[in-house]
1. Could you give the nm distance between label points at residue 16 and residue 280, where each point is 7 Å from its Cα heading toward the beta carbon?
2. Any chance you could count the Lys pairs in the stretch 466-628 whose alpha carbons are under 29 Å apart, treating pairs 8 or more apart or on different chains as valid?
3. Suppose R0 equals 35 Å. What FRET efficiency, 1/(1 + (r/R0)^6) with r the Cβ-Cβ distance, do residue 398 and residue 459 give to the nearest 0.05?
4. Roughly what % of DSSP beta bridges within the stretch 466-628 run antiparallel, to the nearest 5?
5. Suppose the chain between residue 200 and residue 362 were pulled fully straight at 0.36 nm per residue; how much longer would it get relative to their current alpha carbon spacing?
6. Neighbour counts of other C-beta atoms within 10 Å: give me 606, 178, 160 arranged from fewest to most.
7. Per 0.36 nm of contour for each residue apart, how much would the distance between residue 439 and residue 170 grow if the chain were fully extended, relative to their Cα-Cα spacing?
8. As a quick test, which of the pairs 21/178; 156/200; 129/178; 129/160; 129/174; 174/262 have an alpha carbon distance above 26 angstrom in this structure?
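Read the figures in this text as sums done on the coordinates, not as results from a lab. Remember, it's a predicted structure, so these values are computed and weren't measured experimentally. All Cβ positions, even for glycine, are placed from backbone atoms using ideal geometry, and neighbour counts span all protein chains on display.
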Amino acid sequence: MSSTNLPSINTRTEWALLRSKCGDLERWMFTDFALARQVVEEIEAALAPDTPSDIQATYFNCRAFLENQWRRFEPALAYFSRALTLWERLNNEEGLAETHLDITAVHINRRDWQSAEQSLERARQLLSKFPEHLHLHGQLACREGFLNLHLSNHRKALEKLQEAERSLMLLGDKAALKDFYILTLVISGLGDLYERMDEKENSLDAYLRVLPIVEEHRLRPRLPWHYLNAGRAAMAQNDTEYARECFEHVLEFAEEEDPEAKAHALANLGILELLQGENQRAAALFDEAAAQFPNPSEPSDFTNLSKIQAWRAELLWQRNNAEQAEAHFEQAYEFGKQGHDLNHLAHVCQALAQLRAARGDYEQAYYWQQQSSETIEQHYLQVRDRERQEIETRHNLERIRQEAQMAKLRVASLQLRALRAQMNPHFLFNALNAIQGLITSGRNDEAETYLARFAKLMRHTLEYSDLEVVTLEQELEFLERYLELNRKLRFRNRLHYRIIQPSGVDTTELFIPAMIVQPFVENAIEHGLRPRLEGNLSIEFRLTDDENTLLCLIEDDGVGFNKGREKQKAQPLSYQRHRSRGMDITRERLTLLHHMRKNLGMQFIKIADLGEKTNGERSGTLVEVVLPILEP
């Protein structure tokens, strides 16, 4: 359908048609670039100011993705920017997160590492609210892996790419085309990483694992490069027939915007012809490869031309045509000087030295040998400089990440202080009512005692609100006062509790986040024990084996986690919001503190319903909280 046949977008029916075209575009941008181009033109012509924002946002995301695939990075960023504005207007945080992840890919392609990290950080913040969205967390880990791969942080890249693969594989039947596309990127990235780490078998395995996914789902993005990598892997395994098939697929699918992939395929086909003694055919393929760069401008263009000339020279050398070989090596040298691969250039110089020595021109042989030595030295200097720059970039990105985490921690702390100052309204009301009851019943001494304890607890609450770190002893004292008041004033001595300190530890020398345990204890009382008006509560602290964290176990014999959650829904909305927001901030604060101390790969909070855990033999809830041990 041409753009002129599209109806004017003034009705819901017409919008539905345009929305359907966006759905087609979301499929074709992964499977058929020709159809994608066609529908892009149709949608572009049909968009109007009153087009619904979700249709526009979807289109701009798809258009930006295609622009990035076609190596047009500035238009890609412009379209993504328009999509972000619309997702923000729609308050669609999932759309915002995915767009920031796609923007990260553009910044990585542009080698703008700082902008890539900033986009990743925005995506992380948004995705912290959606832990169940495996496909987006898989995309996040993929982008983090590639950023670390480009910065030669191999350990971190491996960790993130493997994490991405696990997340995406867990999707199963729920995986969409984009998820399979991201999976091919991840596996191909692992192939690249293993190649850099000189793990050839793992690299070959990864490159060969990509193609079945690509072919099953007819994925179009980066298809020539996937075939190119598979062909190189097949050549390394001496499977020349399959290698040839892969390189021919590259020629079939390579776009005009991607001459480099086509040139590599032609050159590799030329090498295969050389191996079979088809020198004339090899020469024609090398010529065709060189023709892919009629107007070289980038260093990579000149390096590719240099390598092609070097392969042609090798061919002539094998045919004992030393004079022609020398001429092509000299051309390779001239191109290579404008390229970026000094190691290759040194090998060209070495070949020229050998050719000159073979015909007795030792003065020129010495000259080219000197050039080779100097170029190798420049190559190692370049490598060291690049490594230094990568280390500096990694350091700067880590600093930016730490600063962002510190800022979030400060915000969370401020929010938590405000909530602490409010305290639990049920606790305040019941405590004051109970003290008033003691006074009216003439038990003035007892009322005075508990009023003093209540005042001391309130004073400590306000004091601790201004602290980030307290000793374990201070936390234990606060919990003791809080539980004792609950026992006497709210449960009328029907609450039995015990606090178990870690053995062999000086609690005055152990520092933890201030008031980090109290919200969990409050939850146990409010939702587990208060519905029964009695019960037992145990709080135990254990020092972990690495002595970097403290395990806190909070166990009650109340109604259980599931029933407690049901009863919580019956509470007034304002109270629910107070409790929910308080726990959300506590979780966020705890996660940030652990991440800042590199305590990764662990679950910091575990909640178990004891009824489920014991098949109904017991009731109650067990909460396990891993607390970071901090510096004073």
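1. So the two model labels end up 6.5 nm from each other.
2. 10
3. Working: r = 40 Å, r/R0 = 1.15.
Working from the Cβ atoms, E equals 0.30.
4. 80
5. Working: separation 162, 0.36 × 162 = 58.32 nm, distance 3.93 nm.
Extra length from residue 200 to residue 362 when fully extended: 54.4 nm.
6. Final ranking by Cβ density, sparse to dense: 606, 178, 160.
7. 90.6 nm
8. In this structure, 174/262 lie more than 26 Å apart at Cα.
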